[in-house]
1. What's the number of the condition ILE148 fails, among (1) within 25 Å of VAL47 (Cα to Cα); (2) modelled with pLDDT of 80 or more?
2. Is it true that GLY46 is of a type in the set (Gly, Ala, Ser), in contact (Cβ under 8 Å) with a residue 40 or more places away in the chain, more than 28 Å from VAL119 (Cα to Cα) and part of a helix (DSSP H, G or I)?
3. Checking the structure you have, find out if any residue of region 280-287 is within 25 Å of the chain's Cα centre (by Cα) and at pLDDT below 75.
4. Looking at (1) surrounded by 24 or more Cβ atoms within 10 Å (Cβ to Cβ); (2) under 21 Å from ALA528 (Cα atoms), which is the only condition VAL372 fails?
5. Quickly run through region 642-659 and pick out the residues that are outside any helix (DSSP H, G or I) and without any contact (Cβ under 8 Å) to a residue 12 or more places away in the chain.
6. Among the listed residues THR429, THR437, which satisfies the condition of being touching a strand residue (DSSP E or B) at 6+ places or on another chain (Cβ under 8 Å), assigned by TED's automatic domain parsing to the domain that holds ALA473 and closer than 19 Å to PHE521 by Cβ?
7. Restricting to region 116-155, what's the tally of residues that are buried (at least 21 other Cβ atoms within 10 Å of the Cβ), aliphatic (A, V, I, L, M) and over 26 Å from GLY611 (Cα atoms)?
8. Being under 22 Å from GLY391 (Cα atoms) and either at pLDDT below 80 or outside the structural domain of LEU451 (by TED's automatic domain parsing) (or both), is that true of even one residue in region 483-499?
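The values are calculated or read from the model by the stated rules, or taken from the named source; none is laboratory data. What you see is a predicted model; the values in this text were computed from it and never measured. In this analysis, Cβ positions are derived from the backbone assuming ideal geometry, glycine residues included, and neighbour counts consider all displayed protein chains.
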Amino acid sequence: MNRIRTFSNNPIVPFAVCMLLVSAAHLSSPLNASGPLPSLGSMLQGVVLGLIFSPIAVGIVLIYRSSRAINFAQAAIGLVPATFASLLVIVWHWNYWFCMIIGLLAAILVGAIVEFAFVRRFFDAPRLIVTVVTIGIAQILLFLNIEINNLFSTSRGATNGSELPKPIGLKFGIGTTNFDGHDVMPMIVVPILFAALAVFLRKSSFGQGVRAAAERSDRAALLGIPVRRLQMMVWIIATVLSYFSMLLYAGRYQLPRAVPLGPETLLIALAAAHISRFEKLPTVVATTIGLSIFNNTMLLEWEPIQRDFALAVVVITAIYVVRDRSTTRVAAGSVSSWQATREVRKVPQELTSLGQVRGARWGLAAILFAFVTSAPFWLPPSKVFLAITIGIFAIIGVSLVILTGWAGQVSLGHMAVASVASTAAAIATTRYGTDITIALLIAALVGAAFLVAIGLPALRSSGLSLGITTLAATLAVGYLINPVWAPWFYKKYLPIFDGNTQRPTLFGAHVLTSDINFYFFVFAVLIATIVMAKGLRRSRAGRALIALRENDRAAMSYGISGTGSKIMGLAFSGAFVGLGGALLVFLQNDIFFTQFNFDKGLQVFSIVVVGGLGSIGGAVSGAVYYQLVTYFLPGEWAFFATGFGLFIVLWLVPGGFGAAAGDLRNMALRSYATKHGIRVPSLLADTRVETAFVATDEMISAVADATDLSDDQIREAEAEVQP
């Protein structure tokens, strides 16, 4: 096994494999002219692209090694200083090299601010929380980037479409492919950047400390290593890497106003990191360059549908082959640190039979039921549509609670499953005229089968494998719902499915054409989904999922089937997200690509973390929060509101809305129990340090009652525990 691992970590191996894939792709292309390989010019273009984006991949690995979190803001943290430096050159006509130094200083400042103001707040939080925080950071930085562009545009004229002047006058051509100074810059800057990084990590005391903290931060702290200071250093280094990557990108392409780290680039970066097991930086660079050559040659010779599908297949295959079965404590701690589940406990049995508690529970349920059932009658039509959307995304959120909260698997492209299931449901209704109940059943079955199919390779590995495979699936299945990429699919299977098509029948009647009726139908499905999810949680299979999430080796030692239980979790999650995707399509009477793309998948992932991974009610509240924010704050301010709001919510309520609601309920129950002299040990176990003396006092009183001590003896015992 060690020899295989060493062989796969050799940077020459993934690069050679990518070259074989390039050859196979070129030979199978109908546009192939001759020869086993494409032109050297197109391959060198792929090398240039790989050099541009390899600093981003290396930055992702460095952040993961230091904090065990995926940094989705890796491109955004460098985009802001790169945009500032580029605009100084374009608008104010300053010297390119002088502005590069200014941008470098700005990148150092941005990295330090991001780490100190945002990331450090979550130093002890689960890594899943930190990962979602980086999504919020990316949205905030995207807002700042847009505002910087607007500021320069209003002061000195438009900057859209402006190009950076070429810093080097060198030009050359290889065949029909021409290269200029912007193509030469990555060939010079990136190797120097990586050489300086290698010397820093190996020779300097800071670099050695970073490597030690990456292995075991807790042990490094005990040895006196300033872990938090080193974390800031890592974020500054990652920002500098991203800055040079974005500056080189701005030179070769037009000045970016939005984050260019789309799903293809992110998939290449994450796949390269996974193949290297987030360890070997040379392997990361070689794999990034190899996959960029593969992607670029297909860009020239293949249709987009073929390119995305082929890239996804390559990545999923790599995850299946290069699997990590490490049994070290470090590896186990890396995976367990992603657990951010904090389940809301039931009302203690000592209080469930009390009339006041039962009355409060039924009263709150009645108020909620009255609000939900009356809402469509007094809300305007647009708000009814919004309420239906909230209900649908709540169903999708419940599916992620099962997958991530209970099964412990991270899904970054969950909406890809929804797209496949919704397409199957749409075909069933438009071509075969099936009832909506049959269509939803088909969507659930297809969603379950599809998620199990793409999840099986990930089950052979640990950590973020499922997240990368679902991200790859987003590219692979995107063409099904995009008529520009696959008009043949729409023409053959969905010829009448457009915005004017009536919604499917319900038991043979066209009663769902009204948004009000569809509102009640969606919420009925939501209630059924919640009931089934709670039933799963109480079942033996649900308890097995929780046991595997907490400690899979210990659970399997007691006879629990790890693979079987995880497959069951994938199936239930896929079925529920399939239901949500089909309902979303039936709501709009059309399939919109933007509803199932990569950005929407990250949004759904954030919804569940904000709501609380251990709470079904939290998933519903997270859906309400996100849909209301995006609805009432359109445009670029929605990026800032959702990003900063995400940071504030996770900072103040790390367990999400569900955990916060559970804490408030327990606080009220604890106060009621104390007032009426009811001893509830489970509530006392939740008390914080400042209430520890009260808990000890009650424990002494219980012992006194059991031993028939006198009142004076009780007072003496109570006095001993007072501060």
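1. Of everything listed in (1) within 25 Å of VAL47 (Cα to Cα); (2) modelled with pLDDT of 80 or more, ILE148 misses just condition (1).
2. Details: of a type in the set (Gly, Ala, Ser): yes; in contact (Cβ under 8 Å) with a residue 40 or more places away in the chain: yes; more than 28 Å from VAL119 (Cα to Cα): yes; part of a helix (DSSP H, G or I): yes.
Spelling it out, GLY46 is indeed of a type in the set (Gly, Ala, Ser), in contact (Cβ under 8 Å) with a residue 40 or more places away in the chain, more than 28 Å from VAL119 (Cα to Cα) and part of a helix (DSSP H, G or I).
3. If we filter region 280-287 for residues that are within 25 Å of the chain's Cα centre (by Cα), which is where we start, we get 280-281, 283-285, 287.
Checking which are at pLDDT below 75 leaves us with none.
No - not one qualifying residue is present in region 280-287.
4. Condition not satisfied by VAL372: (1).
5. Within region 642-659, the subset outside any helix (DSSP H, G or I) is 653-655.
The one that is outside any helix (DSSP H, G or I) and without any contact (Cβ under 8 Å) to a residue 12 or more places away in the chain: VAL653.
6. Details: THR429 fails: touching a strand residue (DSSP E or B) at 6+ places or on another chain (Cβ under 8 Å).
Of THR429, THR437, the one residue that is touching a strand residue (DSSP E or B) at 6+ places or on another chain (Cβ under 8 Å), assigned by TED's automatic domain parsing to the domain that holds ALA473 and closer than 19 Å to PHE521 by Cβ is THR437.
7. 0
8. Of all residues in region 483-499, those under 22 Å from GLY391 (Cα atoms) come to 499.
Adding the requirement that they be either at pLDDT below 80 or outside the structural domain of LEU451 (by TED's automatic domain parsing) (or both) leaves 499.
Yes, some residue in region 483-499 is under 22 Å from GLY391 (Cα atoms) and either at pLDDT below 80 or outside the structural domain of LEU451 (by TED's automatic domain parsing) (or both).
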